[in-house]
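Just so it is clear, none of the values below were taken in a lab; they were calculated from the coordinates. The structure displayed is predicted, hence computed values, not measured ones. Cβ placement follows ideal geometry from the backbone for every residue including glycine, while neighbour counts extend to all protein chains displayed.
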Amino acid sequence: MSIRLKVILPYLILTLIVAVIGVYVVTRLLSTTLSERLINQLIQSGRVVSDGFAKKEIEQAETARVISFTSGIATSLASEKADTLFSQAEIQMRANSIDTLVFFSPQGNEVLHLWRNELGIVERASKNSGMAGLSFVTELLTSKNIRENPRRFMGLNSLNDEYYFYTSIPVSQSGEFAGVIVIGTTIQNMLPDLKSSALADIVIYGVDGSVIATTLNVADPSNLQAISITYDNYQRIMALTDVVTGNNISIDRRLFSLARGPLQVGNNKLGVFAVALPVDFVTDSADRGRFTYTFQFAVLFFIVIGIGFWVSRQIIDPLYRLVNTSQAISAGDLEQRTGIISKDEIGILAKSFDGMTANLQERTVQLERANQILKNIDKTKSNFIQISAHELRTPLTLIMGYSQMLEQDARNDPELKSLAQGILDGSERMTSIVESMLDVSRIDSNALFLRKTGLRIDLIIKKVHKSFDKALVERNIQFIVNDLRDLPLIPADPDMLQKVFYHIIMNAIKFTPDGGSITVSGKMVDHKAEPSVEISIRDTGIGINPDMHHVIFEKFNQTGDVLLHSSGKTKFKGGGPGLGLAIARGIVEAHGGHIWVESPGYDEQTNPGSTFYVSLPAPVEKNEEVIHEQTAS
């Protein structure tokens, strides 16, 4: 029998049996009674209300923190400048739809009290709110700890006799305590959203047990007395830890069931609330014979499970072995085999799978050997570069020192002085190559250390330009700088970034014929993730073939025939070790940036030119830390 019949035929019969039994049971049996369902819904709604107040506290605390970090707020609060604080806070209050906003100075004085009237207009209170004496404010004023958690409170605002839910947080100024901010939302404004989430009407009680806010549509205010509770009941509910069901009440000829509990946010119990549902919220169903039907369904259910388990074992066990084997192979254990012997489709699949795994194991062994050889070669190459660079430094230092001494002694002998200068120039170029080799070694080993500070791109370009003044004059190449002074400061290592533009501009000089031009421009680019500064270096040189655009950023890669390059490092088509652009890419990527080139192609007759782009991350706002200014000297 094929696997298709093994799966379809038994489960077709079983599904038909289960469907018939299920239809019968569902039409005759209710899982719970009206009372149980109603109670569960009330308790669940009560928990949603408590969670709603907790979410509101988080929202208010976040808004208060945004306000506290608004420029000038902390300073005005600490110095008790009420008028200045009013102009700053009013904007925040309008923008965040805050119902009331109160500021307390470190001395405990109420500096400013703003509230939104019934027309939605923000007003400045003419008298103190009296909150300075409440624990949720005094605790923060006493501790003066800017890392204190928010405090919360529910109480009456004397300005408009409205009940509010308040959240208070400490305010810091340069790491010092600068006062307290209190944000409040009217309970009546919170209730519609809470009702929508809880799917039940809500009642909030005052400390005397009277109703202070509710979503129940009570036509006769005297009916609120039926919802109210006594002071003793209020205290008893405050001592509870969860929502419990209460009594049934009639409001406007409709019967409601209530569940009451303490309104707890964090570790604080702020008061007592209730959730109310109409008794006809769910439809009552007859429960006659409920236990009989449940027993019959359970017996049939387990029979179906037993038969299905036996049938599925015949099919699923081999599949599990296939899955386990494939997972072991994907984890790297190529020794695993399924071991399934069967003449059906699963057996054929297992045999093919085992054969494929054997071939994969053989190829993997070959690849691992080849990869190890390549790793050893790469490591040997990197070690050779690093050792060679370090070993060349000492003799080069000696040659440069003696060349300088010889140049000083040969001041009266022009020929000898020219020879000494030639040795010194060659030593300096060799030293530059050694430094480039060391930079490549640091980049390859991820040992590049960046000392980032705020940099002006125009000053970096000015410094690099100065180092090529002589070469630009000799080659009659015009150097143009556009749109750099208005760029923002970027966080970068000044020495490393100077190397980036040094290598790119030197590359532009080498491949631009005499009489050409090099133009450096910059602009801000707003990406979705973060803004960046984009610098372009455009030359009127011989260009680069498109298939070389990525290759030139690899180590030791050069365009054209190396044997045809000239010996001067700034001469036209001058030679070099092929490390400059690789170093530039490594440094830019270490800064989190990106470097690329655009060129229509290579042509020494038309000189299409090339444009190198360097993109570096830029901060969204101006850095408030002390910025190290670069100088061109």
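Between Arg321 and Arg485, what is the label-point separation in nm under the 7 Å Cα-to-beta-carbon projection?
Result for the modelled spin labels: 8.1 nm.
Which far-off residues, 5 or more places away or on another chain, put their amide H under 5 Å from the one on Gly155, with H placed in the peptide plane?
Under 5 Å from the amide H of Gly155: Tyr164, Tyr166.
Find out how many positive minus negative residues lie around Glu335, taking Lys and Arg as positive, Asp and Glu as negative, among other residues whose Cβ is under 13 Å from that of Glu335.
On the way: positive: Arg337; negative: Asp333, Asp354, Glu362.
With Lys, Arg at +1 and Asp, Glu at -1, the neighbours total -2.
Tyr613 versus Ser352, label points 7 Å from Cα toward the beta carbon: distance in nm?
Placing both labels 7 Å beyond Cα along the Cβ direction yields 4.7 nm.
Which cross-chain or sequence-distant (5 or more) residues have an amide H under 5 Å from the amide H of Ser172, H modelled 1.01 Å from N in plane?
Ala178
Report the net charge of residues surrounding Met548, where surrounding means a beta-carbon distance below 13 angstrom and charges are Lys +1, Arg +1, Asp -1, Glu -1. Provide the component values of the computation, followed by the final result.
On the way: positive: none; negative: Asp547, Glu554, Glu598.
That works out to -3.
From the convex hull of the Cα coordinates of segment 36-281, what is the mean projected area in square nanometres?
13.5 nm²
List the residues, sorted by chain then number, that are 5 or more residues from Ile251 or on another chain and whose placed amide H is less than 5 Å from its amide H.
Amide H neighbours of Ile251, under 5 Å, 5+ apart: Phe256.
Picking from Val473, Gly522, Met548, whose Cα lies most toward the positive end of the charge dipole for segment 473-554 (charges on Cβ: Lys, Arg +1; Asp, Glu -1)?
In segment 473-554, that residue is Val473.
Once phi is turned into θ = phi - 60°, what whole-Hz ³J(HN,Hα) does the Karplus curve with 6.51, -1.76 and 1.60 give for every residue of segment 336-342, x standing for Gly and Pro?
6, 9, 6, x, 7, 10, 7
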